[in-house]
Amino acid sequence: MPAMDTQQVIKQIQTNLKEIYHKAVDADRVLKQLSEQGHGKFNALFDEESLFKTHEREFLPYVEELASDLVLLEECEDEEHFVSQLKQTVAKLEQMHLLLAQFKDVAKAQ
C-alpha cells in the first residue's frame, strides 16, 4: 500500500475516532444518570465474544482501546501487518458506531 494511501486511511480513522469520542462522552454522561436512577444493570457494553479486549460499563475505555489500535496501525511496518490491523480496527469502529447509535435510540426512548 503506498504511503499516501496509508496516511489517508489513518487520517480517516482519526476522524472517526474523534466523532466516536464525542458521542462516547455524551453516552457516558447518560449512562451515569441512568445508573443514578437505578437503571443500567449490566457488566460490560460488549460481551466477551466481541473484538474488544476491554470489558467495561462505560464507553470511554473502549475509545481508549481504539486509540491504542490506531497507534499500532500507525506503527505497522509492512503492508500485510497494516492490512490485518486495519481490518480489526475498522471492525471495532463499526461495532462502536453501531452500539452508540443503538444506545442513543434507547436513551431517547427513556
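The values are calculated or read from the model by the stated rules, or taken from the named source; none is laboratory data. In this text the structure is predicted, and so the values were computed from the model without any measurement. Positions of Cβ are backbone-derived with ideal geometry, glycine not excepted, and every protein chain shown enters the neighbour counts.
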Residues within segment 61-93 that are charged (D, E, K, R) and without any contact (Cβ under 8 Å) to a residue 24 or more places away in the chain, tallied: 7
For LEU31, are the conditions met, namely being at negative phi and in contact with a Gly (Cβ under 8 Å, 6 or more places away or on another chain)? yes
Just the residues that are among the acidic types (Asp, Glu) and over 14 Å from LEU99 (Cα atoms), please, taken from segment 22-60. GLU36, GLU48, GLU49
Looking only at segment 56-99, count how many residues are within 11 Å of ILE20 (Cβ to Cβ) and part of a loop (DSSP other than H, G, I, E, B). 1
Does ALA44 count as in a helix (DSSP H, G or I), of a type in the set (Gly, Ala, Ser) and more than 23 Å from VAL9 (Cβ to Cβ)? no
So in segment 68-110, with the set limited to residues that are among the small types (Gly, Ala, Ser) and exposed (fewer than 14 other Cβ atoms within 10 Å of the Cβ), which one is farthest from SER35 (Cα to Cα)? SER84
Taking segment 8-31 as the search range and keeping residues that are in contact (Cβ under 8 Å) with a residue 24 or more places away in the chain and exposed (fewer than 15 other Cβ atoms within 10 Å of the Cβ), which one is nearest to ASP69 (Cα to Cα)? GLN14
Looking at segment 28-36, is at least one residue over 15 Å from LYS104 (Cα atoms) and at pLDDT below 95? yes
Search result, residues across segment 32-53 that are surrounded by fewer than 11 Cβ atoms within 10 Å (Cβ to Cβ) and of a type in the set (Phe, Trp, Tyr): PHE42
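Condition check ((1) among the aromatic types (Phe, Trp, Tyr); (2) at pLDDT 90 or above; (3) under 30 Å from LYS108 (Cβ atoms); (4) touching a Gly at 6+ places or on another chain (Cβ under 6 Å)) across all residues:
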residue	(1), (2), (3), (4)
LEU17	no, yes, yes, no
HIS39	no, no, yes, no
ALA44	no, no, yes, no
SER84	no, yes, no, no
LEU93	no, yes, yes, no
